[in-house]
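For reference, the structure is listed below as structure tokens.
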């Protein structure tokens, strides 16, 4: 949960680097909260309003942590756009997001594993 809150504290910070664990824990909690919002929508009959608002609120932090994760692998944040290439783009982006960080400093800052 601390990783999720860390991402929310860096709401729109597209600078720096994010560890693999930070990114994937954010994704995990985001999925859990999205399922809970969907269940709440179904129980209250709000036609997806709660889930939609949650998704909209998480758009910027999700993009920011994705960019920082790509920075950690030494890639530009613009590589997120590769997801628009059907099938191959999503697979390649998943590989990049799962790749270990570059050792030492890179143009985006020091390695967060060493801090």
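The values are calculated or read from the model by the stated rules, or taken from the named source; none is laboratory data. Because the structure is predicted, anything quoted here is derived from the model rather than measured. Here Cβ is always computed from backbone atoms with ideal geometry, including for glycine, and neighbour counts include all displayed protein chains.
Exactly one residue out of 82, 88 is surrounded by 12 or more Cβ atoms within 10 Å (Cβ to Cβ) and farther than 18 Å from residue 21 by Cβ, and it is 82. When we screen 16, 55 for residues that are in a helix (DSSP H, G or I) and surrounded by 13 or more Cβ atoms within 10 Å (Cβ to Cβ), the only hit is 55. Of the conditions (1) touching a helix residue (DSSP H, G or I) at 6+ places or on another chain (Cβ under 7 Å); (2) buried (at least 17 other Cβ atoms within 10 Å of the Cβ); (3) modelled with pLDDT of 95 or more; (4) in a helix (DSSP H, G or I), residue 75 satisfies every one except a single condition; which number is it? The number of the failed condition is (4). For first residues located in region 50-66 and without any contact (Cβ under 8 Å) to a residue 24 or more places away in the chain, partners that are buried (at least 16 other Cβ atoms within 10 Å of the Cβ) and part of a helix (DSSP H, G or I) and lie 6+ apart or on another chain with Cβ distances below 6 Å form the pairs 50/37; 50/41; 51/37; 51/41; 54/37.
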